[in-house]
Amino acid sequence: MKTQFFCPYWGLENLSYTDAAKRVKAAGYDGMEIAAGPDKRNEAVQVTHDNGLDLILMAFGAGSNFTEHKKKYQDDLLNIASYKPLFINAHTGHDYFTFEQNVELIQVAIAVEKQTGVRILHETHRGRFSYSAPAIQYYLLKVPEMRLTADYSHWVNVAESYLTDQMENVNRAIKVSDHIHCRVGHTQGPQVNDPRAPEWKDALESHAKWWDSIRDRLQKANAPTLTITCEFGPAGYLPTLPFTQQPVASQWDVNVFMKDYLKKRWQV
């Protein structure tokens, strides 16, 4: 099974797509994950192609009410799919939408995937339908064909635990997680300040074991590829010092570390 590592454009916005892509390629990544607006998607496709990188595009719903949100979500998915990315990573729904409304949005994504042939994965994320390990179980039962992007750091934060008391919930999600965001969360936040620090050794290992399980499942299923985005966020998401707002670590260095850590762990 091929293993591909992606770098987020999030945190590189001070660079053009071209300059970012060159830096990403030189660092040994296989592609980029980009939340490109409608006017930037063609450029994102062209630049990544020109630099020999694969591309994951992101989708978000918007709107002041559910009806408007659903239409914008569907229109966004259809437009993004027309660019034929490797797949779409979707931030789907809201935690304050009803169960039935969020299911409608998931069904919209399934219909778009069938129509366009472009895979759509739903990221596990705070504020979305998938905000916690217990909450997502109802959706897994209702829509078993749904597939996920695993960012379990959010679940750790929401639960204020490393989920050891709800591994059945996590294991159900692992069975349908096809892409990994290898961010390490902790019980008081979605992102440790620096996963290289010894105080986060147990947090890193907890997350890595979940990623191991996803990889093992895909290997047993003879999947052709495992994709991972090293998605520690920039300053603001990354803790900063008071008054100066100086980030306590380098986002770029942390994400490169995560790539190299998993390459070594998995011998790929």
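The values are calculated or read from the model by the stated rules, or taken from the named source; none is laboratory data. None of the values given here were measured: they were computed from a predicted structure. Cβ placement follows ideal geometry from the backbone for every residue including glycine, while neighbour counts extend to all protein chains displayed. Just the protein is used for accessible areas: all its heavy atoms, side chains included, with ligands, DNA and RNA removed. Shrake-Rupley method; radii C 1.70, N 1.55, O 1.52, S 1.80 Å.
Considering the Cα positions of the stretch 142-268, please state its Rg to one decimal place and its Dmax as a whole number of Å.
When restricted to the Cα atoms of the stretch 142-268, Rg and Dmax are 15.1, 51 Å.
Please list 188-198, 124-134 highest first by mean number of surrounding beta-carbon atoms within 10 Å per residue. The partial results should precede the final answer.
Details: 188-198: 16.5, 124-134: 20.5.
Averaged packing, sorted descending, gives the order 124-134, 188-198.
Can you tell me the dipole magnitude for the stretch 93-233 around its Cα centre, using point charges on the Cβ only (Lys, Arg +1; Asp, Glu -1), in Debye to the nearest 20?
Numbers: 15 positive and 18 negative charges, 84 e Å.
Dipole of the stretch 93-233, to the nearest 20 debye: 400 debye.
Taking N as the number of residues in the stretch 206-268, what value does Rg over Cα atoms divided by 2.2 N^0.38 Å take?
Values: Rg = 15.3 Å, N = 63, 2.2 N^0.38 = 10.6 Å.
Ratio of Rg to 2.2 N^0.38 Å for the stretch 206-268: 1.44.
Give me the 1.4 Å probe accessible area per residue for the stretch 1-145, excluding ligands and nucleic acids, in Å².
On the way: 6490 Å² over 145 residues.
That works out to 45 Å² per residue.
Using DSSP, restrict attention to beta bridges with both residues in the chain and report what percent are antiparallel, rounded to the nearest 5.
On the way: 2 of 31 bridges.
For the chain, the DSSP antiparallel bridge percentage is about 5.
Please report, as a whole percent, how much of the solvent-accessible surface of the chain comes from carbon and sulfur atoms (probe radius 1.4 Å).
The value for the chain is 51 percent carbon and sulfur by accessible area.
Per q in 0.18 Å⁻¹, report the Debye log10 I(q)/I(0) for the stretch 1-61, using one uniform scatterer on each alpha carbon and no solvent.
-0.55
Here are some values of semi-axes √(5λ) of the Cα gyration tensor in Å: (1) 40, 20, 16; (2) 25, 23, 19; (3) 33, 20, 18. Which one was computed from this structure?
(2)
What translational D, rounded to a whole number of µm²/s, comes out for the stretch 75-195 from Stokes-Einstein when the hydrodynamic radius is the Kirkwood one over Cα pairs, at 10 °C and 1.306 mPa s?
Values: Rh = 14.7 Å.
So the translational diffusion coefficient is about 108 µm²/s.
Specify the inter-centroid distance of the stretch 215-253 and the stretch 59-138, based on alpha-carbon positions, in whole Å.
Taking the Cα centre of the stretch 59-138 as reference, the centre of the stretch 215-253 is 22 Å away.
Determine the per residue accessible area of the stretch 213-266 with all protein chains present and a 1.4 angstrom probe, expressed in square angstrom. It would help to have the intermediate numbers written out before the result.
Details: 2730 Å² over 54 residues.
Averaged over the residues of the stretch 213-266, the accessible area is 51 Å².
Tell me the mean residue ellipticity at 222 nm calculated for the chain from its helices only (DSSP H runs of n ≥ 4, each -39500 (n - 2.57), averaged over every residue, nearest 500). Display every interim value, and only then the final one.
Details: 9 runs with 112 residues, N = 268.
Taking each H run of at least 4 residues, the total per residue is -13000 deg cm²/dmol.
Assuming a ≥ b ≥ c are the square roots of the Cα gyration tensor eigenvalues, decide whether the stretch 93-133 counts as rounded (a/c under 1.5), prolate (otherwise, with a/b larger than b/c) or oblate. Show your work: numbers first, answer last.
Numbers: a/c = 3.64, a/b = 1.72, b/c = 2.12.
Note, shape of the stretch 93-133 comes out oblate.
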